[in-house]
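Nothing in this text is a laboratory measurement; each read-out follows from the coordinates by a stated rule. These numbers were taken from a predicted model, which means no experiment stands behind them. Cβ atoms come from the backbone with ideal geometry, glycine included; neighbour counts cover every protein chain shown.
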Amino acid sequence: MKLDFPVEQTVKQRYSVRTYQSSNPISESDKEKLMIYANALSNPFGVPVSFHLLETKDTNAKKLGTYGVIKGTKVYIGVTVPAGALSLEAAGYDFEKLVLYATNMGIGTCWLAGTFDRSGFTSAIGVKENELFPAISPIGYPAEKKSLTESLFRKTLKSNQRKNWSELFFKNSFNKPLTEADAGDYAFPLELLRLAPSASNKQPWRIVQSNGAYHFYGQINPKKQDEHPVAIERVDVGIGASHFHLAALEKGLSGEFVTLTDVNISTPKELRYLFSWLPEQG
């Protein structure tokens, strides 16, 4: 897979933009470029992911339910996927690639998954039956000065903070943390995964290295998932997988994502196995 931007630089450059230049809306050429890129995306889970450009009449999008959090832009991109296995992970994977591509273009974005009212956007986008609509993002040029609401959001969510390696990555079991030395060449992909964005900055991914493979788990509440088909944590794991895969490609590390029937690892009840990365043997 061809890389379209410098991965490490772009991951570290990206941040959630909630305040945009209202006097300088995103250009038609940039919107077109983003959608061409979006419509050409694919993911290793083989799930068709669709993107939708939406232009509102209100730069605060109050009627569509962003709760006044987003200011200065009328343009949004939403993502939909057919309901199914790894569909939400695929949505997170592809949408994060689009977010990073936009970042490299100088375009601001902000993942909205748990903090927007789906009903208004669902109607505006035209979500089909049996489709899931996990997330949307405003797009535009970042304002030089953040709004008070944005500053409070970043402070409350501790947006610049991430969990330590010992809380996220493990070796052979969930009882032993994985060190960077243990990870070897994969310390870089894991570190860029650690920096990935997630809803409310919860970082619900957990990775276990075992026999050279990297097994991906999500901190997913089964009861909550039964009540709502869009498990945001699964989207977040897809975002993390996107960072991991892009970083591996940047370092020339080959492999594939697969779903194994039995990883033979005792799993805490709050975690759910999702898929594994198998490095190419060479």
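Under Stokes-Einstein, with the Kirkwood radius over Cα pairs as Rh, the value for the chain at 37 °C and 0.692 mPa s is 170 µm²/s. Across the options S87, I220, Y37, the greatest Cα extent toward the positive end of the charge dipole of the chain (unit charges at beta carbon of Lys, Arg, Asp, Glu) belongs to I220.
Multiplying the residue separation of Q13 and T259 by 0.36 nm and subtracting their alpha-carbon distance yields 85.4 nm. Working note: Cα gyration tensor of the stretch 1-112, eigenvalues times five, square-rooted, sorted largest first, giving semi-axes of 24, 18, 13 Å. Could you tell me the relative contact order of the chain? Use alpha-carbon pairs under 8 Å, at least six residues apart, and round to a whole percent. With pairs under 8 Å counted, the relative contact order is 21 percent. Net charge of the neighbourhood of E96, taken over other residues with C-beta under 10 Å away and scored Lys/Arg +1, Asp/Glu -1, is 0. Between the Cα long axis of helix 87-105 and the first principal axis of the chain there is an angle of about 60°, rounded to the nearest 10.
Dipole magnitude for the chain: about 1020 debye, using +1 per Lys or Arg Cβ and -1 per Asp or Glu Cβ, origin at the Cα centre. Per-peptide packing, taken as the mean over residues of other Cβ atoms within 10 Å, places 180-187, 236-243, 77-84 in the sequence 236-243, 77-84, 180-187 from highest down.
Taking a sphere under 12 Å around the Cβ of I26 and counting the other residues whose Cβ falls inside, with K and R at +1 and D and E at -1, yields a net charge of -1.
Based on C-alpha pairs under 8 angstrom that are at least 6 apart in sequence, the stretch 164-261 has a relative contact order of 28 percent. Summing +1 for each Lys or Arg and -1 for each Asp or Glu among the other residues whose beta-carbon sits under 11 angstrom from that of E167 gives +4.
Principal-axis analysis of the Cα atoms of the chain puts helix 148-157 at an angle of about 10° to the longest axis.
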